[in-house]
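Input: a single structure, listed below in structure tokens.
The values are calculated or read from the model by the stated rules, or taken from the named source; none is laboratory data. Since we're looking at a predicted model, the values are computed, not measured. Glycine gets a Cβ as well: all are built from the backbone with ideal geometry, and neighbour counts include every protein chain shown.
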Amino acid sequence: MEFNKELINKIDLTELGAYVNNVEHRGYFLDHAGREHYKLLAYISTTYNGKKLIDIGTNRGCSSLALSYNTKNTVESFDLYELKELSYLPGNINYTIDNILSGKYENIINESPFIMLDTYHDGIFEREFYSYLQLINWKGMLLLDDILLNDPMKEFWNDITEEKYDITNVGHATGTGIVLF
């Protein structure tokens, strides 16, 4: 799987970046593909129309914000903690404070052709979620952040059996991978 870095870097996130309260994180949000993954996420959002895209690990809200770039899609973002970093919440993002693996969200997951997973980076939750996708027979593209960050994440990435691509060159410097289910 190949992505055009020049095309991805043409994505202008300036308008959405204004909603990121923290100046340092706004800089990350606006940074180029290959250093940060936000322009990649915005680009991926343009490849879908009228779809539900999922962001797991809301944290500061930057990934969901980037996925909201194409307003024809809805972004469902999940975290265990309250979002506090954005000054404005675009109308096409729904934030849920709950465990995505609680069993209540299987229909939402199965409706989505794309999931962004950016959580603990310990390889444990990532494996648990990956196994859950296999169990429910999900079909789509899973984007994993930080696949090269540490040994547990490298081991998790190396153990994946589905078709996968390391797209770090257009994603996040600490590793970005795509898995096709």
Candidates G27, G103 - the one that is surrounded by fewer than 21 Cβ atoms within 10 Å (Cβ to Cβ) and closer than 26 Å to D166 by Cα:
G27
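Residues checked against (1) under 15 Å from S68 (Cα atoms); (2) in contact with a Pro (Cβ under 8 Å, 6 or more places away or on another chain); (3) surrounded by 17 or more Cβ atoms within 10 Å (Cβ to Cβ); (4) β-branched (V, I, T):
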site	(1), (2), (3), (4)
E6	no, no, no, no
K10	no, no, no, no
L16	yes, yes, yes, no
N22	no, no, no, no
D31	no, no, yes, no
L40	yes, no, yes, no
E126 fails exactly one of (1) in a strand (DSSP E or B); (2) touching a helix residue (DSSP H, G or I) at 6+ places or on another chain (Cβ under 7 Å), namely (1)
In this structure, does T74 turn out to be among the polar types (S, T, N, Q) and crowded, with 16+ Cβ neighbours inside 10 Å?
yes
Output the qualifying pairs, or none if there are none: Cβ atoms under 6 angstrom, residues six or more apart or on different chains, first residue in the range 1-19 and in a helix (DSSP H, G or I), second residue small (G, A, S) and buried (at least 17 other Cβ atoms within 10 Å of the Cβ).
K5/A33; I8/A33; N9/A33
Suppose the filter is crowded, with 21+ Cβ neighbours inside 10 Å, within 16 Å of the chain's Cα centre (by Cα), part of a strand (DSSP E or B) and among the aliphatic types (A, V, I, L, M); does I115 pass it?
yes
Would you point out the residue of the range 77-100, among those that are among the hydroxyl-bearing types (S, T, Y) and modelled with pLDDT of 95 or more, that is surrounded by the fewest Cβ atoms within 10 Å (Cβ to Cβ)?
T96
Residue ID - farthest from I160 (Cα to Cα), chosen from residues in the range 118-135 that are among the charged types (D, E, K, R) and surrounded by fewer than 20 Cβ atoms within 10 Å (Cβ to Cβ):
D122
All but one of (1) among the acidic types (D, E); (2) touching a strand residue (DSSP E or B) at 6+ places or on another chain (Cβ under 8 Å); (3) at pLDDT 95 or above; (4) more than 24 Å from N4 (Cα to Cα) hold for E106, so report the exception by its number.
(2)
Just checking, does the range 163-170 include any residue being in contact with a Ser or Thr (Cβ under 6 Å, 6 or more places away or on another chain) and assigned to a loop (DSSP other than H, G, I, E, B)?
yes
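Provide a single number: the residues in the range 46-63 that are outside any strand (DSSP E or B), closer than 21 Å to N107 by Cβ and touching a residue at least 40 places away in the same chain (Cβ under 8 Å).
Qualifying residue count, the range 46-63: 3.
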Filter the range 64-88 down to the residues that are of a type in the set (F, W, Y) and in a loop (DSSP other than H, G, I, E, B), then identify the one that is farthest from I108 (Cα to Cα).
Y88
Take the conditions on the phi > 0 side of the Ramachandran plot and not in a helix (DSSP H, G or I) and apply them to N94. Does it pass?
no
